[in-house]
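Structure, as structure tokens:
What follows draws every value from the coordinates through simple rules; no lab data is involved. Small disclaimer: the values here were computed from a predicted structure and weren't measured. Using ideal geometry, Cβ is built from the backbone for each residue, glycine included, and neighbour counts are taken over all protein chains shown.
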Amino acid sequence: MSEPIRIVAALIRDADGRVLLVRKRGTRAFMQPGGKRDPGEDDVTALARELDEELGCRMVPGSVASLGTFECQAANETDRQVNAAVYAVRVQGQITARAEIDEIAWIDPSAPPDIHLAPLTRDHVLPLARSA
């Protein structure tokens, strides 16, 4: 089996407790914003870069809280696993779909709509969001 895809991902909520999901270009699954680390990046630096590139927003200083590292089936590569360091973060600035993001959605983690969810989102992030 090949090495897992190592990523960082953000759990972002609005004032109503809804969770932000993104759908990347050419894919079906909605997932947390985030992505792969560039060489030499730590998790927080990589997450800040990804949020700026994908959504045009910035993390609120001091708002980053680790929720854990999870491994599960990758959403877009059926023969791969993903190893995701997930962080709860607050963001500032206008959130817009940029770069490879085709769509954004704010969902109620206790009653997700009938959309295709990435395994990480479905099995790990939304249960965390419901319990917090």
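What is the extension gain from residue 108 to residue 25, computed as 0.36 nm multiplied by their sequence separation minus the C-alpha to C-alpha distance, in nm to one decimal?
Values: separation 83, 0.36 × 83 = 29.88 nm, distance 2.29 nm.
Separation in residues times 0.36 nm, less the Cα-Cα distance, equals 27.6 nm.
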Would you mind getting me the FRET efficiency between residue 71 and residue 15? Use the beta-carbon distance for r and R0 = 35 Å, nearest 0.05. 0.65
Which order results if 116, 124 are arranged by neighbouring Cβ count within 10 Å, fewest first? 116, 124
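About its Cα centre, what dipole magnitude does the range 5-131 give when the only charges are +1 on Lys and Arg Cβ and -1 on Asp and Glu Cβ, stated in debye to the nearest 20? Intermediate results must be reported in sequence, preceding the final value.
Numbers: 16 positive and 19 negative charges, 22 e Å.
Dipole size: approximately 100 debye.
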How big is the gap, in Å, between the Cα center of the range 10-64 and the Cα center of the range 70-132? 9 Å
Can you give the log10 of the normalised intensity I(q)/I(0) at q = 0.15, 0.16 Å⁻¹, computed with Debye over equal Cα scatterers of the chain? -0.65, -0.75
